[in-house]
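*Asks:* Before we start, here is the structure in question, set down as structure tokens.
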Amino acid sequence: MRCEEVRTILEEQPTVEFSPSVRQHLEVCPACAAYAKDWQLVSVGFRELSREPVPEASWGFCARVLRRIAEATAQPEPQLDFLEQVGKRFVYATLTLTLTLLLALMLPSSGPLREPAAVDLYLVQPEAVSARADVALGEEFPSLQDAMPLNFTNGGGRGEQ
Amino acid sequence: MENRKTEIGPEGEWVRRSQNGEPEAFGQLVERYQRRILSLVYHVVRRPAEVEDLVQEIFVKAFMGVRSYSFQASFGTWLSRIAVNHCYDYLRRQRVSRVEYYADLSEGRQRQVETRFEQPNPGQSSHEDQIAARELVAKLLDRAPPDDRIILTLKELDGMSIEETGDILGIKPANVKVRLHRARKRMLEDLKRLREGK
């Protein structure tokens, strides 16, 4: 018998008693004898592996499969998808606008975040004018009182003196 | 070949309704075949944490392609074919970490498996030896190329006949025998390399 033939027989029936011709070949062929021994070992391993308990599917397995199928098959229609996109953009734009308006109303009328209001500018104007007058009159009239005509002062003015 | 077997009985009706897009009918098929597919995937992949997810993906894939099922083979065989292809893709993706399973064993256990099978005539009678043989084969399967791993699993672990294996793999029985012989031969060569510490 040829080695290949013997090995095929060994693989098919590793645990069955071999025929005389196979045994005869194994006695004279150390390579096939080693092959037989190894294959016997491996087939024991296979047998033991096949006896290992297979894990059971967990509870609700079928329902989960069906849910995944539903998810996989659910495809939104293109028109609805378009409308949904437009709707979303509209909502986002409205929200942004509302938020901006709210912020504008809530912020204080003055402060570090905002310029002084027009009313404030109007109220401080006389002070600003007086300050400018000081500058314009210079050192000759150190105060506004000095620069006023005589008849505007109380009592003894310069003219009376 | 199992021709047009599924046409008879409620299974054929479930398949037809599934082909018409009724997931509830497909649920009946899931109930019927989940154990078989789970066992097949578990034996091929051998990673309990990932098996259920893979089986779910297989059933989703099967539902998506159920219209292409033409009742030529039994529904179980058709489904097993999808499962095998899915496992094959998975194994190819995982190929970079093929020795992970062995690496998962503790260092002491690794050494135990190694030394036991470095001996010239390992005994096979004791329970410990059987466990060691099991771990050794698990390790060899893990190192085997995906093609070998799948064909050996179908034949040696799931106990399928040559004809069934051929149906699932879509090859002739004569080719199954040739491929099996080559896969076994490669496995034994790998066993030698393992003993030499490679």
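*Asks:* Does residue B:149 satisfy being charged (D, E, K, R), modelled with pLDDT of 80 or more and in contact with a Cys (Cβ under 9 Å, 6 or more places away or on another chain)?
*Replies:* Considered against the rule, which asks whether it is charged (D, E, K, R), modelled with pLDDT of 80 or more and in contact with a Cys (Cβ under 9 Å, 6 or more places away or on another chain), residue B:149 comes out as yes.
*Asks:* Follow-up. If only one of B:149, B:179, B:134, B:195 is of a type in the set (Lys, Arg), farther than 22 Å from residue B:80 by Cα and in contact (Cβ under 8 Å) with a residue 24 or more places away in the chain, which one is it? I'd like the intermediate steps shown before the answer.
*Replies:* Details: B:149 fails: farther than 22 Å from residue B:80 by Cα; B:179 fails: farther than 22 Å from residue B:80 by Cα; B:134 fails: in contact (Cβ under 8 Å) with a residue 24 or more places away in the chain.
Only one candidate qualifies: B:195.
*Asks:* Is there a residue being touching an Asp or Glu at 6+ places or on another chain (Cβ under 6 Å), assigned to a helix (DSSP H, G or I) and either modelled with pLDDT of 90 or more or assigned by TED's automatic domain parsing to the domain that holds residue B:17 (or both) anywhere in segment B:107-125? Before the answer, list the steps.
*Replies:* Pass one, segment B:107-125, residues touching an Asp or Glu at 6+ places or on another chain (Cβ under 6 Å): B:113, B:123.
Now narrow it down to the ones that are assigned to a helix (DSSP H, G or I): B:113.
So of that shortlist, the ones also either modelled with pLDDT of 90 or more or assigned by TED's automatic domain parsing to the domain that holds residue B:17 (or both) come out as none.
Taking every residue of segment B:107-125 in turn, none turns out to be touching an Asp or Glu at 6+ places or on another chain (Cβ under 6 Å), assigned to a helix (DSSP H, G or I) and either modelled with pLDDT of 90 or more or assigned by TED's automatic domain parsing to the domain that holds residue B:17 (or both).
Yes or no, residue by residue, for (1) surrounded by 16 or more Cβ atoms within 10 Å (Cβ to Cβ); (2) part of a helix (DSSP H, G or I); (3) within 12 Å of another protein chain (Cβ to nearest Cβ):
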| position | (1), (2), (3) |
| --- | --- |
| B:128 | no, yes, yes |
| B:142 | yes, yes, yes |
| B:153 | yes, yes, yes |
| B:171 | no, no, no |
| B:190 | yes, yes, yes |
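*Asks:* From A:46, A:90, which residue is farther than 30 Å from residue B:152 by Cβ, without any contact (Cβ under 8 Å) to a residue 12 or more places away in the chain and either over 27 Å from the mean Cα position of the chain (by Cα) or outside the structural domain of residue A:12 (by TED's automatic domain parsing) (or both)? Even if it seems obvious, please write down each step before you answer.
*Replies:* Numbers: A:46 fails: farther than 30 Å from residue B:152 by Cβ.
Of the residues listed, the single one that is farther than 30 Å from residue B:152 by Cβ, without any contact (Cβ under 8 Å) to a residue 12 or more places away in the chain and either over 27 Å from the mean Cα position of the chain (by Cα) or outside the structural domain of residue A:12 (by TED's automatic domain parsing) (or both) is A:90.
The values are calculated or read from the model by the stated rules, or taken from the named source; none is laboratory data. This one's a predicted model, so the numbers in the text were calculated from it and none came from an experiment. Because the Cβ atoms are built from the backbone with ideal geometry, glycine has one as well, and the counts that use them run over all protein chains shown.
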